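Just below is one structure, and these are the notes that go with it.
The values are calculated or read from the model by the stated rules, or taken from the named source; none is laboratory data. Here the structure is a predicted model, which means the values were calculated and not measured. Using ideal geometry, Cβ is built from the backbone for each residue, glycine included, and neighbour counts are taken over all protein chains shown. Accessible surface areas use protein heavy atoms only, side chains included; no ligands, DNA or RNA. Shrake-Rupley method; radii C 1.70, N 1.55, O 1.52, S 1.80 Å.
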Amino acid sequence: MLKQLILSVFIILFCSCGGTEKTPSNKVSSESKSDLVNKNKPITSIVVRGIGNTMAEMAFDKKEIKVKRGTIVELKLINEAIESSMVHNLVITKKGKADAIGMDAISLKDQNYIPDSPDIIAATDLAKPGETVILNFEAPAPGTYEFMCTFPGHHQKMRGVFIVE
Ligand SMILES: [Cu+2]
């Protein structure tokens with residue numbers, strides 16, 4: 001009985017030590033990222049900037065994004081605009097679906113302009129001017145996809161090709 005008690009205390013102490021070592025204080029990852037990283041997949045880091053301050057100038061600084069199959073994509077969207085109307089996101093869709101998703105999105109302010117659609121692979125939050133948003137997701141099957149901003153009026157100008165190789 002006493003031995004069991006001592007053993008229990010030992011196990012509790014041992015476990016709490018181990019737990020402390022596994023969570024260093026400098027860890028800044030979000031919980032969802034940790035979950036993905038725990039799958040031990042390599043990470044593809046992508047940075048895309050939203051540039052321009054008018055409907056005529058606005059653009060993504062990339063027309064093409066390439067990622068490796070079987071990786072976790074860490075997508076960082078940096079909105080470099082200063083004009084308040086320049087709110088952006090980055091939505092990845094199946095090939096040929098960007099126009100339809102972009103049109104559906106226009107009226108969906110309550111959903112941050114993200115339609116409920118199986119044709120959407122991944123979507124960031126909205127980034128206001130000066131903001132950066134980060135999204136982690138598993139690379140979909142190898143192939144060609146599209147990406148765009150679904151903020152109303154932006155999808156035809158702010159778009160490109162997302163390729164999984
Ligand atoms: Cu936009």
When you go through Thr124, Thr150 one by one, which is the residue that is within 14 Å of the ligand (Cβ to nearest atom), under 14 Å from the mean Cα position of the chain (by Cα) and surrounded by 13 or more Cβ atoms within 10 Å (Cβ to Cβ)?
-> Thr124
Is one or more of the residues making up the stretch 106-118 under 16 Å from the mean Cα position of the chain (by Cα), away from the ligand (no atom under 16 Å from the Cβ) and open to solvent by 40 Å² or more (accessible area, probe 1.4 Å)?
-> no
Would you please name the residue that is farthest from the chain's Cα centre (by Cα), looking only at residues in the stretch 134-147 that are among the hydrophobic types (A, V, I, L, M, F, W, C) and more than 12 Å from the ligand (Cβ to nearest atom)?
-> Ala141
Might you check whether a residue that is acidic (Asp, Glu) and more than 14 Å from the ligand (Cβ to nearest atom) occurs anywhere in the stretch 84-100?
-> yes
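For residues in the stretch 77-105 being in contact (Cβ under 8 Å) with a residue 60 or more places away in the chain and aliphatic (A, V, I, L, M), which is surrounded by the fewest Cβ atoms within 10 Å (Cβ to Cβ)?
Here the answer is Val87.
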Within the stretch 30-49, can one find any residue that is part of a helix (DSSP H, G or I), within 16 Å of the ligand (Cβ to nearest atom) and at pLDDT 95 or above?
-> no
